[in-house]
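Okay, so here's the structure we're looking at.
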Amino acid sequence: MVSRIQHPAGGYMKIFETCEELNEPIPAIVVGVIPEWLSGGLLRLGPGLFEVGAEPFYHLFDGQALMHKFDLKNGHVTYYRKFVKTDAYVRAMTEKRVVITEFGTAAYPDPCKNIFSRFFTYFKGIEVTDNCLVNVYPVGEDFYACTETNYITKVDPDTLETLKKVDLCDYLSVNGVTAHPHIESDGTVYNLGNCFGKNMSLAYNIVKIPPTQKDKSDPIAKSKVLVQLPSSERFKPSYVHSFGMTENYFVFVETPIKINLLKFLTAWSIWGTNYMDCFESNETMGTWFHLAMKDPAKYIEHKFRTSAFNLFHHINSYEDDGFVVVDLCTWKGHEFVYNYLYLANLRENWEEVKKAAMRAPQPEVRRYVLPIDVHREKQGKNLISLPYTTATAVMRSDGTIWLEPEVLFSGPRQAFEFPQINYSKFSGKNYSYAYGLGLNHFIPDRICKLNVKTKETWVWQEPDSYPSEPIFVQTPDSVEEDDGVLLSIVVNPGADQRPGYLLILNARDLTEIARAEVEVIIPVTFHGMYKP
């Protein structure tokens, strides 16, 4: 799975450049034959505006949200994109400057105001961004673009029009939620966010949004908190990007990447402070695993601990014979990986990109196994009896259960990230295959498939081509887990014509089925979904 391709020409820099939205869908040139049953839309989100006037955005997660759609119908394909008209975007375009502070870019007061009005601007309170550039997911019959704050934005998946801004704080006790909710087959949505718990200490709430209502009312209005999980530090919640869910349990991994709440609450009164300035690492806590039951909703008091790592994406979790198996895309150590994702770093020449990646935390796909019943076990004994894994769990004298992982994939500065599975059939269940975007020194340059049982790998890769997260779409009425296709947006900046395309791969062996090419460059995208 390790990438052998180098990128000395720096074509990857093109995926971090501003583009224009389209007035109408443009037709794609199809090479190959698209399966007849593949009829729907691939929706993707990412940054599309990397500067406003003379003011640049500094971090990968700052550019203003651009929504993309490849529409497939009767073997024909069109491509469309529009900026999500968030408050952050509209105000920036109106005032020709960065108005709302983003992840790594601070917003400054309007220079046209006098010194007194600028002073009061600092102290008017936190203005949280609604720049929903990370993901899109369904709630009932609606679709919402999201980031990781308390704001989600309702969008039309057909026209890509922005419909409504929703503040989840109006319905739930959360300060924000992850960009990766879990969605059951009936449409029930589960998510996790930090909150203020007992005695004003920080905690984490798992929330539930019901499926489409019979009376057609808004499901978000019926959302509720299911269970609360404790925080390792009273005033410093961990950064959370995703969580795990099995048929009967929730899995929350609390990493040592912390949000300093005091800095966060005062950040908007300090000149030049942004979200990234509020992160710090707890070098002594390691990583904590939390389990909670779904029904009845209940926190499980076992104290699972392991060494420090960064975590952004869960691959899958499932139960097996009294154990919860948790597969993760980890980054070793306690230093925050996002420190290396400033645009200045990603736009460097190839040798400098490689030097930075040498200093950064190193990626590894890991499997952890958590025993559910540990009350009668003796300390010092490996509690894991599953025959197919080398992962261990050992009870210590202080009552904590120390976890050691099985490594499913590891390569120097080669990440298997942005993982996807056959979600509709195997989410929360024992599975075999994971698909991912291969990062070569942080540059996305391949699509990967990993057999988590045998550790066998497959790779799709072409020179000077930069794909996005591969989305699995199952073949209708299929039986085999990997019977389907992968959809990914790929950019080849040096192509003489049609540098952007939708790539369709056979999910079994990653051979190409077809591609739909368009005459535009497509900037980097993070996450998305396929809508039949």
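Quick notes on this one:
- For the chain: rounded, prolate or oblate by the Cα gyration tensor [a/c cutoff 1.5]: rounded
- With the convex hull drawn around the C-alpha atoms of segment 419-461, the volume per residue stands at 75 Å³.
- Within segment 435-514, the proportion of Cα pairs with more than 15 Å between them is 57 percent.
- Neighbours of Val324, meaning other residues whose beta-carbon lies under 13 angstrom from its beta-carbon, give a summed charge of -3 when Lys and Arg score +1 and Asp and Glu score -1.
- Here the spin labels are modelled as points 7 Å beyond Cα on the Cα-Cβ line, and at Glu283 and Lys355 they lie 2.5 nm apart.
- Checking every one of the chymotrypsin sites (Phe, Trp or Tyr not before Pro) in segment 160-199 against DSSP loop status and a limit of 13 other Cβ atoms within 10 Å picks out no site at all.
- Residues whose amide H comes within less than 5 Å of that of Gly140, counting only those at least five positions distant or on another chain, are Thr212 (H built at 1.01 Å from N in the peptide plane).
- Note on segment 456-532: with charges restricted to the Cβ of Lys and Arg (+1) and Asp and Glu (-1), its dipole about the Cα centre is near 360 debye.
- Note: relative contact order over the chain, using C-alpha pairs below 8 Å and six or more positions apart, is 14 percent.
- Taking a ≥ b ≥ c as the square roots of the eigenvalues of the Cα gyration tensor, segment 222-367 is oblate, since a/c reaches 1.5 or more and a/b is not larger than b/c.
- Legend: residues Arg413, Arg446, Arg347, sorted from most to least accessible area (1.4 Å probe; ligands, DNA and RNA excluded), read Arg347, Arg413, Arg446.
- Cross-link table Lys303/Lys449; Lys298/Lys429; Lys69/Lys96; Lys216/Lys531, entries beyond 29 Å C-alpha to C-alpha: Lys303/Lys449
- Residue-level accessible surface for Thr255, protein heavy atoms, 1.4 Å, Å²: 0
- Size descriptors for segment 453-496: radius of gyration and Dmax over Cα atoms are 13.9, 42 Å.
- Separation of alpha-carbon centers, segment 492-532 and segment 354-418, rounded to whole Å: 35
- You can think of it this way: the chain between Ala54 and Lys453 has 138.5 nm of extra reach, that is 0.36 nm per residue less the Cα-Cα gap.
- Here the calculated FRET efficiency for Asp218 and Arg508, from their Cβ-Cβ distance with R0 = 51 Å, stands at 0.80, rounded to the nearest 0.05.
- Cα gyration tensor category, rounded, prolate or oblate, for segment 1-48 with a/c compared to 1.5: oblate
- Translational diffusion of segment 140-281 was estimated from the Stokes-Einstein equation, with Rh taken as the Kirkwood radius over Cα pairs; at 20 °C and 1.002 mPa s the coefficient is 131 µm²/s.
- Sites Val225 and Asp496 - FRET efficiency at Förster radius 56 Å, r taken between beta-carbons, to 0.05: 0.55
- Solvent-accessible area, 1.4 Å probe, carbon plus sulfur percent, for segment 338-438: 49
- Potential extension, Phe235-Asp186 segment - 0.36 nm per residue separation minus Cα distance: 14.0 nm
- Residues Trp37 and Asp156, FRET efficiency given R0 of 25 Å [Cβ-Cβ distance, rounded to 0.05]: 0.50
- Of interest is the spacing of the C-alpha centroids, which for segment 212-286 and segment 24-76 amounts to 29 Å.
- Nitroxide proxy distance, nm - points 7 Å out along Cα→Cβ at Leu386 and Asp167: 4.3
- Rounded to the nearest whole Hz, the Karplus-based 3J(HN,Hα) values (6.51 cos²θ - 1.76 cosθ + 1.60, θ = phi - 60°) of segment 424-438 follow the sequence 5, 9, 10, 4, x, 10, 4, 9, 10, 10, 10, 10, x, 8, x, with x at glycine and proline.
- In terms of its Cα atoms, segment 357-487 spans 54, 46, 19 Å along the principal axes, sorted from long to short.
- In this structure the amide hydrogen of Val77, modeled in the peptide plane, comes within under 5 Å of the amide hydrogens of Ala28, none closer than 5 places in sequence on its chain.
The values are calculated or read from the model by the stated rules, or taken from the named source; none is laboratory data. Only a predicted model underlies this, so the values are computations on that prediction, with no experimental measurement involved. As a convention, Cβ positions derive from the backbone with ideal geometry for all residues, glycine included, and neighbour counts pool all protein chains shown. Remember, those area values only see protein heavy atoms, side chains included, never the ligands or the DNA or RNA. Shrake-Rupley method; radii C 1.70, N 1.55, O 1.52, S 1.80 Å.
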